[in-house]
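Trainee: Structure below; questions to follow.
Since every read-out is calculated from the coordinates, none of them should be taken as a lab result. As the structure is a computational prediction, the values presented were derived from the model and not from experiment. Cβ atoms come from the backbone with ideal geometry, glycine included; neighbour counts cover every protein chain shown.
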Amino acid sequence: MASATKAPITCHILDTTVGAPARNVGVRLQLTSDTTTASPSNSNGAGVANKHPSGLPIVFESSTDDDGRVRTWLPYSSPDTPGEVPVYSLEDVLGDIRGPSRWTLRFDTEGYFAAQGKDTFFPEVTVVFEVKEGQHYHVPLLLAPFSYSTYRGS
């Protein structure tokens with residue numbers, strides 16, 4: 001049986017208060033920098049894009065699995081955004097970008113701790129990082145209600 005291709009950006013969360021993976025944490029990944037693209041169809045005409053051709057920001061969403069990992073990303077569409085759900089993949093977006101790009105991960109820590117009946121000082125953990133063309137990035141998050149730490153994993 002062939003293994004699934006690993007997404008170019010992955011992450012996982014460890015709840016350090018219990019020493020276990022943090023399950024069912026909502027995560028969003030957004031392209032936040034203007035970037036040079038290889039395809040004029042995915043840009044604003046000048047070869048620069050941080051939005052889908054529809055004009056919407058390029059945002060993906062997922063939630064952590066039983067191992068606390070995000071393995072796949074789906075295009076995000078807000079319930080109040082008009083039109084159809086955007087159709088693109090992280091691989092396609094990254095494959096279209098030339099040079100470095102800046103991305104933001106947003107972890108819904110408030111929802112995670114609320115589900116356990118716990119308060120948290122950090123309702124959201126935001127991690128901004130730079131992606132270089134053709135590389136894989138893994139972003140682990142060590143999480144507790146009143147602290148967190150992150151680093152570039154392998």
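Trainee: Residue by residue through region 94-103, which ³J(HN,Hα) values in whole Hz follow from phi under the Karplus form 6.51 cos²θ - 1.76 cosθ + 1.60 (θ = phi - 60°), with glycine and proline marked x?
Mentor: 5, x, 8, 7, 10, x, x, 9, 9, 10
Trainee: Right, something else. Based on other C-beta atoms within 10 Å, arrange 143, 105 from fewest to most.
Mentor: 105, 143
Trainee: Using modelled amide H (1.01 Å from N, peptide plane; none on Pro or chain starts), what sits under 5 Å from the amide H of residue 59, excluding residues fewer than 5 places away?
Mentor: Sorted by chain and number, the residues that satisfy this are 76.
Trainee: Next question, about the same structure. Can you list the HN-Hα couplings for region 65-70, worked out from phi with the Karplus curve (6.51, -1.76, 1.60; θ = phi - 60°), rounded to whole Hz and with x for Gly and Pro?
Mentor: In residue order, the calculated couplings are 8, 5, 8, x, 10, 9 Hz.
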